[in-house]
Amino acid sequence: MSGDQNGPSQKGEHRVPDLLTRAVESPRSIAWLSTGTARGPSVVAVGDDRPNQPDAFSLPAVYPEWLGDRAFLAEHPARFCYVVGEMARGIATPRMVVEAVRCGCLGFYGSAGLPLPEIKAGLDEINRALGPDQGAWGANLIHSPQEPGQEAAVIDLFLAEGVRRVSASAFMRLTPDVVRYTALGLERSLDGRIRRRNHVFAKVSRAEVAEPFMSPPPEKMLRDLVASGRISEAQAELASKVSVAADITAEADSGGHTDNRPAFVLYSSLSAARTRMAAKHGLDESAIRIGLAGGIATPAAVAAAFQMGAAYVLTGSVNQSAVESGLSEAGRRLLAKAGPADVAMAPAADMFEQGVEVQVLKRGTLFAMRGKKLHAFYKAGASYETLGAVDQKWLDDVLGEPFDQAWKATLSYIQRVNPAEAKRAEADGNKRLALVARRYLFQGAQWAREGDPARTADYQIWCGPAMGAFNEWVAGTPLEPAENRTVRQIALNLLEGAARITRSGQLRAMGLPVPPQHFSYTPRLFE
């Protein structure tokens, strides 16, 4: 994007704009301003050549590559401070990661919820496409309290495969395996500084969850890891001097796991937490970067995030509608029609009993309503046997099979991954109901991935209001058709628009009367 004064070649520009418009639409060019008019400051020239006006002064260029924290790009080999976020169950496919990296972004593979062999196959695909020297990508680790040993197994695989960036999501607390991953990648350079080879991106939506990631690991956790031989004494010593994560992703009102927090409130809260933790532990506050996710769907949102101080932005829902997404074509077309209000909260498959919810697409499905009814049954202490005949028939219809048959399939799986939980369920009807409900919720995501036409009403499609905002922004443009939505086109349009809006903000801050249309940007197809 930086090779041309007007960015990549774009289709459809034939007019001759006025100087103010040129200054906005050419953010990579210097804008020359003058105060020598009765109406106040004005743009007198755009370009490298200084105008022949004694009072002219320059407004520096704005490149999309310059938005965000330069320290982020120094640590992660990307062109832009823009992350294509992980979407679990393989929605963020290896292909999506590869395309994100190729267009200058950082990409995360949606490995959470996938079997280990499938995760390994995805990592191999990424490595083959990008080669061993390209490190601007990572994979997802999700907190898995229902599956003992799963986090450790995934971390073992990441370490074995040389995955240097991990996005840790849905964690309610810090776990030893996250600390182990960080510690095993620490080393001291010749200048005495502690360097990270393994990078944890902690995706959080509350300050109290963020604080342990912004701090050195608890001493007891480090001692236990050393005693078990999982890290060395030297690694524990280094880990005690740095935060567990150097990159904290503030997850605002997003698809999937979310607390529906407003972005501005959450970012401010986490910034204050960073200051507290740095002071408490004697850390360099600037070494902990905070990026913003949730609601990142328009150039205005990207520009606002960077103006607020975000080190990077992370997009999620909007990429789910991209052609590289692991979501079925049927699911992507549903997303392309969503409005900002077409979302709802539904029980999370991985934390059903705890009452944790995820944000999903409401329009075109009944998943959220059905999931909430299932959780209401569970919360009331019901079992299938204690439900009335009408509710039993409803449940069988939703499951698509008799409850006993669904339980048999569920039990077979739970006995493999958590035998103790399976044993409890065999003696507890309420627990059986919960496990069958979890299986249904889990299958909802699978049906959406596969595009099963018979289960459209049960599609679980993680989605935040950002998807609707994106659809409104691209309406009537080349990005409205689902087939034109690639990760590259989405990213470049968001970044180009953010640069222009940032330039408009510069001009307004200098006292120029910038009309509202200059704070918008119409998507185009980049060559």
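The values are calculated or read from the model by the stated rules, or taken from the named source; none is laboratory data. Just so it is clear, the model here is predicted, and its values are computed rather than measured. Note that each Cβ is placed from the backbone with ideal geometry, even for glycine, and that neighbours are counted across all protein chains shown. Heavy atoms of the whole protein, side chains included, go into the accessibility calculation; ligands, DNA and RNA do not. Shrake-Rupley method; radii C 1.70, N 1.55, O 1.52, S 1.80 Å.
Can you bin segment 376-431 into rounded, prolate or oblate? Criterion: square roots of the alpha carbon gyration tensor eigenvalues sorted a ≥ b ≥ c, rounded for a/c under 1.5, prolate for a/b above b/c, oblate for the rest. It is oblate, given that a/c is not under 1.5 and a/b is not larger than b/c. The value for the chain of Rg(Cα) / (2.2 N^0.38 Å) is 1.05.
Rg/Rh for segment 386-464 stands at 1.00; both radii use Cα atoms, and Rh follows the Kirkwood definition. Estimated from helices alone, the mean residue ellipticity of the chain at 222 nm is -13000 deg cm²/dmol (sum of -39500 (n - 2.57) over DSSP H runs with n ≥ 4, per residue).
In loop segments of segment 220-277 as defined by DSSP, the trypsin sites (Lys or Arg not before Pro) with at most 15 further C-beta atoms inside 10 Å of their C-beta are 241. The value obtained for segment 80-189, namely the Cα convex hull volume divided by the number of residues, is 112 Å³ per residue. Taking a straight Cα-Cα cut-off under 17 Å and skipping sequence neighbours fewer than 8 places away in the same chain, the lysines within cross-link reach of residue 373 are 362, 393, 431. When all alpha-carbon pairs of segment 30-87 are counted, what percent fall beyond 19 Å? Counting every Cα pair in segment 30-87, those more than 19 Å apart make up 51 percent.
Between amide H atoms placed 1.01 Å from N, distances below 5 Å from residue 199 occur with 165, 166, all of them 5 or more places distant or on a separate chain.
Rounded to two decimals, the Cα radius of gyration of segment 240-335 over 2.2 N^0.38 Å is 1.26. Packing order of peptides 66-72, 295-301, highest average first: 295-301, 66-72 (average count of other Cβ atoms within 10 Å over each peptide's residues). Using a ≥ b ≥ c from the Cα gyration tensor of segment 334-421 (square roots of the eigenvalues), is it rounded, prolate or oblate, where a/c under 1.5 gives rounded and otherwise the larger of a/b and b/c decides, a/b for prolate? The shape class here is prolate.
The C-alpha atoms of the chain define a longest principal axis, and helix 403-417 lies at about 70 degrees to it.
Each Lys and Arg Cβ is given +1 and each Asp and Glu Cβ -1; about its Cα centre, segment 205-291 then shows a dipole of about 100 debye. An oblate overall shape is assigned to segment 353-404, the ratio a/c of its alpha-carbon gyration tensor axes (a ≥ b ≥ c) being 1.5 or greater and a/b not exceeding b/c. Given H placed 1.01 Å from N in the peptide plane, which residues other than close sequence neighbours of residue 109 have an amide H under 5 Å from its amide H? Distant-sequence amide H within range of residue 109: 138, 139, 140. Taking every Cα-Cα distance in segment 10-144 and sorting them into 10 Å bins starting at zero, the pair-distance distribution P(r) comes out as 12, 27, 20, 17, 14, 8, 2, 0 percent. Segment 432-472: Rg/Rh from Cα coordinates, Kirkwood Rh? Result for segment 432-472 is an Rg/Rh of 1.12.
Here segment 251-367 is assigned +1 on the Cβ of each Lys and Arg and -1 on the Cβ of each Asp and Glu. Its dipole about the Cα centre then comes out at about 240 debye. Across segment 167-230, counting alpha-carbon atoms alone, Rg and Dmax equal 12.6, 37 Å. Of the beta bridges in the chain, as assigned by DSSP with both residues counted there, near 40 percent are antiparallel.
Counting only residues at least eight positions apart within a chain, or on another chain, the lysines with an alpha carbon under 27 Å from that of residue 120 are 203.
The P(r) of segment 160-290 has a tail past 24 Å containing 27 percent of all C-alpha pairs. Protein-only accessible surface at a 1.4 angstrom probe places the residues 503, 424 in the order 424, 503, largest first. Karplus-based coupling profile of segment 185-197, in residue order and whole Hz: x, 8, 8, 9, 7, 5, 7, x, 7, 8, 10, 9, 9, with θ = phi - 60° in 6.51 cos²θ - 1.76 cosθ + 1.60 and x standing for Gly or Pro. Of all lysines in the structure, the ones whose alpha carbon falls short of 20 Å from that of residue 241, not counting any fewer than 8 places away in one chain, are 220, 280.
The phi torsions of segment 381-397, fed into the Karplus equation with coefficients 6.51, -1.76 and 1.60 and a -60° offset, translate into couplings of x, 6, 10, 4, 5, 8, 6, x, 4, 5, 5, 4, 5, 4, 5, 4, 5 Hz, rounded to whole numbers, with Gly and Pro shown as x.
What the pair-distance distribution of segment 346-488 shows, using all Cα-Cα distances binned every 10 Å from zero, is 11, 37, 30, 12, 8, 1 percent. Taken about its Cα centre, the chain carries a charge dipole of about 460 debye when Lys and Arg each add +1 at the Cβ and Asp and Glu each add -1 at the Cβ.
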